[in-house]
Amino acid sequence: MVAQSRKKSIIRGLQLGMAVALIGAYMPVKAMAETAPATPATAPVAVSAPAGPQEKGNPAIGQALFTGEKRFANGGPACISCHSTGVGGLDGGQLGPNLTKVYADPSKNGLLSTIWVNQPTIPVMGPVFSNRNITDDEMDHLRAFFEQRSMGGVASSSTPTFTIIGLGGFIGILIIFNIIWSGRYRNRNNGTAHDALWRNYGGKGGR
């Protein structure tokens, strides 16, 4: 009985150590993702960005609006939830296109306007921002941010990093729950006929 108790304690200790290691690994991986330099794309960009700043907005405020560090005045969601521009520790969402070079592309530059973004007929964005309009001042800041981003290279996707962190955290949480709840069923049936049968058959369900 003592040996069995020690065995359970050792197993639970190993499980807890693994869970702590998996969850603890989140911080260094996240920090590495945040400090890793952007990797320029191998494919050449078709069009070049303007030689100097042209927009009147503040690119720092635009980045804060894009990443969600600063909320939109009318409560719209942060751009990073659907788009990426190579900023943020885990880059951004994959639902929408990468916007790093959107300002430098004449065919898409016109989309960076409140007239287009706030249209209710625009797929996905329309139903959201037609009820929570982006203001003209906010768009000025976003345009300045996109202008600044268009002058650099396109960062490599951080999706694999996000996936690894997510899986590691999920497995760690499962292990912790297993440790916490492993004895719940036994404690609930302790002293009952069902518990006696379970113990007599070595916890093998009657086999």
Report the full-extension gain for the segment ILE179 to GLN54: residue separation times 0.36 nm, less the Cα-Cα distance, to one decimal in nm.
39.2 nm
Counting other beta carbons within 10 Å of each Cβ, put TRP116, TRP181 in order, fewest first.
TRP181, TRP116
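Throughout, read-outs are computed from the coordinates displayed, never taken from laboratory work. Keep in mind the model is a prediction, meaning the values are calculated, not measured. Glycine gets a Cβ as well: all are built from the backbone with ideal geometry, and neighbour counts include every protein chain shown.
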